[in-house]
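The structure appears below as C-alpha cells.
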Ligand code: HH2
C-alpha cells in the first residue's frame, strides 16, 4: 500500500511485465513531472505530462533511473518503492478483508439491508414502524443464510435526490438491527456517513463502517480507536444534488487520486492499512459513461494495495443499458456487472440479491484465477 502521501502510482497495464518488461503507469503528485518526462524521452521512452500527472510506457528501472537523473537519489528511491508496491498489488489476486476480528476471503458478498422508507430499490420493504425491526432482522438473517459474508445495515437512503435523515432517527432505525444480527454471529457493516451513528453501531457489534462520504476526520478517528474495518467511498457532491451535472476531466484518474488521498488520511488517523477498503462509488455523482469507465478499468484501482469494493446492484445505469425500468427487474444486469467487477479484482461486491450473486462471483473468481477453489 502506498504509505507515502506524495507519490501515487496507477498501473494501467502490466500484462506482459514479469520483472523487467514494459509497464504502462501514471504517476501522480510527482515534483517536476516535466523534468522526469524529459529524462525519459532522452532515454527513448514515451512519456506525457497531463497536469500534475506523468503517464509513461517504459520499464520500471528506466522510470526509476530517469527520476534519479531528474530529481535526485531520494526521489528515485521513493519511486522505486512506490512503483514496486503498485505493480505487486496489481499482479496479486483480489485481497481478503480484515475486520479486526477476522479475515473474510474474497470474493466477499455484502448483502444489503435498507432500514429506510425510501431506498431506490427496496424502500419500505424492511422498514415498518408497525412491525418494529422484525422485517429488517429477518431479511438480514435470510441474506446471511443465502451466503452473504457481511450484512450491510443502512438507515439513510443515498439515492439521487434523497434528503438527509436526522441522526437520532438513523440510530433508531439501524442500531437494533445491527445488534440483533451481530448477536447471531453475523459480520455486520453499518452504512452511514455520520460518526455518531457509526460509533454506536460499532458498540452494538458492527465490524465494518461503510462510509459513502469517504472520511470526515471524526469518522476516521473513531474507526481508528474502534479497530474495525473502514470502507472509504468516492462521491462527487451530495446525494441531494450529485446527479445534476457530474463532471470530470478524467474520471478514472480523479477517483483514483481521491481514493489514494483517502487511504493516506485513514493511515494518518491511525487506521491499520489492512482494514481499509476503497470503493469508486458507482452512481454517486457519475454519469453512465463515468460508471462504465470506472468499471471497465476497475483493475487499475488494485494498484492502491487495499481491497476494492463495488456496489452495482440494481443501479440505474443497469436500467439504462438494458432498458429495464424497475430496479427489481435488473438482476441479470447486476450479475453481469458483479462478475466483471470480480474479474477486475474487486474483493467485495455489495448486493441486494445474495443467493444469485454468490454463485455468479464464485464462478467469475474461479475463471479469473484459473483454479477451482
Ligand atoms: N451504494 C448504495 C449505498 N451504499 N456503499 C458503498 N460503499 N458503495 C455503494 O455503491 C453503495 C453504498 C446505494 O444502494 P442502496 O443502499 O440499495 O440504496 P439507497 O441508498 O437508496 O438506500
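The values are calculated or read from the model by the stated rules, or taken from the named source; none is laboratory data. This is a predicted model, so every value here is computed, not measured. In this analysis, Cβ positions are derived from the backbone assuming ideal geometry, glycine residues included, and neighbour counts consider all displayed protein chains.
Pick out the one residue from 190, 208 that is closer than 14 Å to residue 153 by Cα and in contact (Cβ under 8 Å) with a residue 60 or more places away in the chain.
Step by step, each of 190, 208 is checked, and only 208 is closer than 14 Å to residue 153 by Cα and in contact (Cβ under 8 Å) with a residue 60 or more places away in the chain.
Mind listing just one residue for me: the one in segment 130-165 that is away from the ligand (no atom under 16 Å from the Cβ) and at pLDDT below 95 and, of those, farthest from residue 360 (Cα to Cα)?
The qualifying residue farthest from residue 360 (Cα to Cα) is 130.
In this structure, does residue 350 turn out to be surrounded by 21 or more Cβ atoms within 10 Å (Cβ to Cβ), within 20 Å of residue 143 (Cβ to Cβ) and out of contact with any strand residue (DSSP E or B) (no Cβ under 6 Å at 6 or more places or on another chain)?
no
Given segment 140-239, what helices (runs of 4 or more DSSP H) lie entirely inside it while holding 1 or more residues that are more than 23 Å from the chain's Cα centre (by Cα)?
167-183, 195-203
Write out, first by first residue and then by second, each pair whose Cβ atoms fall under 7 Å of each other, whose residues are 6+ apart or on separate chains, and whose first residue, in segment 275-302, is on the phi > 0 side of the Ramachandran plot while the second is assigned to a helix (DSSP H, G or I) and surrounded by fewer than 24 Cβ atoms within 10 Å (Cβ to Cβ).
Sorted first by the residue in segment 275-302, then by its partner, the pairs are 283/316; 283/317.
Please state which of the following conditions residue 277 fails to meet, knowing it meets all the rest: (1) modelled with pLDDT under 95; (2) under 20 Å from residue 101 (Cα atoms).
(1)
Test residue 231 against the criterion of being at pLDDT 95 or above, within 16 Å of the ligand (Cβ to nearest atom) and either over 18 Å from residue 210 (Cβ atoms) or in contact with a helix residue (DSSP H, G or I) (Cβ under 6 Å, 6 or more places away or on another chain) (or both), and give yes or no.
No.
Of all residues in segment 315-325, which are buried (at least 24 other Cβ atoms within 10 Å of the Cβ) and in contact (Cβ under 8 Å) with a residue 40 or more places away in the chain?
none
Among (1) modelled with pLDDT of 95 or more; (2) within 12 Å of the ligand (Cβ to nearest atom); (3) surrounded by fewer than 24 Cβ atoms within 10 Å (Cβ to Cβ), which single condition is residue 328 missing?
For residue 328, the exception is condition (1).
What helices (runs of 4 or more DSSP H), lying completely within segment 23-121, carry at least 3 residues that are more than 16 Å from the ligand (Cβ to nearest atom), in contact (Cβ under 8 Å) with a residue 60 or more places away in the chain and more than 30 Å from residue 337 (Cβ to Cβ)?
Where helices (runs of 4 or more DSSP H) fall fully within segment 23-121 and carry at least 3 residues being more than 16 Å from the ligand (Cβ to nearest atom), in contact (Cβ under 8 Å) with a residue 60 or more places away in the chain and more than 30 Å from residue 337 (Cβ to Cβ), they are 73-91.
Considering only segment 270-299, how many residues are assigned to a helix (DSSP H, G or I) and either near the ligand (Cβ under 10 Å from one of its atoms) or more than 12 Å from the chain's Cα centre (by Cα) (or both)?
So the answer is 10.
Buried (at least 24 other Cβ atoms within 10 Å of the Cβ), more than 11 Å from the ligand (Cβ to nearest atom) and closer than 25 Å to residue 341 by Cβ: does that describe residue 188?
The answer is yes for residue 188.
Does residue 154 satisfy being touching a residue at least 60 places away in the same chain (Cβ under 8 Å) and closer than 29 Å to residue 104 by Cα?
no
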